[in-house]
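In what follows, a single structure is set out as structure tokens and then discussed.
The values are calculated or read from the model by the stated rules, or taken from the named source; none is laboratory data. Everything numeric in this text was worked out from a predicted model, so none of it was measured. Cβ atoms come from the backbone with ideal geometry, glycine included; neighbour counts cover every protein chain shown. Areas reflect the complete protein model, heavy atoms only, side chains present, ligands, DNA and RNA absent. Shrake-Rupley method; radii C 1.70, N 1.55, O 1.52, S 1.80 Å.
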Amino acid sequence: MASKGARIIIALLYIICMVGPVSAQSLVDGGAVDYNMGAEGLYNMTEFLLVMMHYVTLIVFCIGALTALVDAFYIYAKMNNQEGDISKSILKLFGACVFLLIATYVLPGFFGIVRSDNVMFGW
């Protein structure tokens, strides 16, 4: 074990190594930020976020579908074992599916986000 003084020196060296490059870079730039992109940069960022929102929506649908399948198998097992709360489990699954659809289609439309694609009926 290192002594208390050695641990303090190691911690200070670690902090200097982590903060040093950031401070050196900010000194070279003079602390200035490049704002040359302007409106074009904001447009590119918005476009990128909308594209990523589409992919995140698809991933959430896949995760929701897998979760629904697992929950359906649990309900099937409960029905075969004649356990109680089958209707409660079915209603939970149905409510989760309805919430998933509302959260991905209705709420974005409510806040003015228009989807150019129709993932649900895009065959």
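In square angstrom, what is the accessible area per residue of segment 32-111 with a 1.4 angstrom probe?
Per residue, segment 32-111 has an accessible area of 82 Å².
Let me check I've understood the local charge: for A77, count other residues with C-beta under 12 angstrom from its C-beta, Lys and Arg +1, Asp and Glu -1. What total comes out?
Result for the local shell: -1.
Net charge around I86, counting only other residues with Cβ within less than 13 Å of its Cβ (Lys, Arg = +1; Asp, Glu = -1)?
For residues surrounding I86, the net value is 0.
Using r as the Cβ-Cβ distance of N81 and N44, and R0 as 35 Å, what FRET efficiency do you calculate, to the nearest 0.05?
Once rounded, the FRET efficiency stands at 0.05.
Starting from the Cα-Cα distance between A103 and T67, subtract it from 0.36 nm times their residue separation and give me the gain in nm to one decimal.
Length gained, A103 through T67: 11.3 nm.
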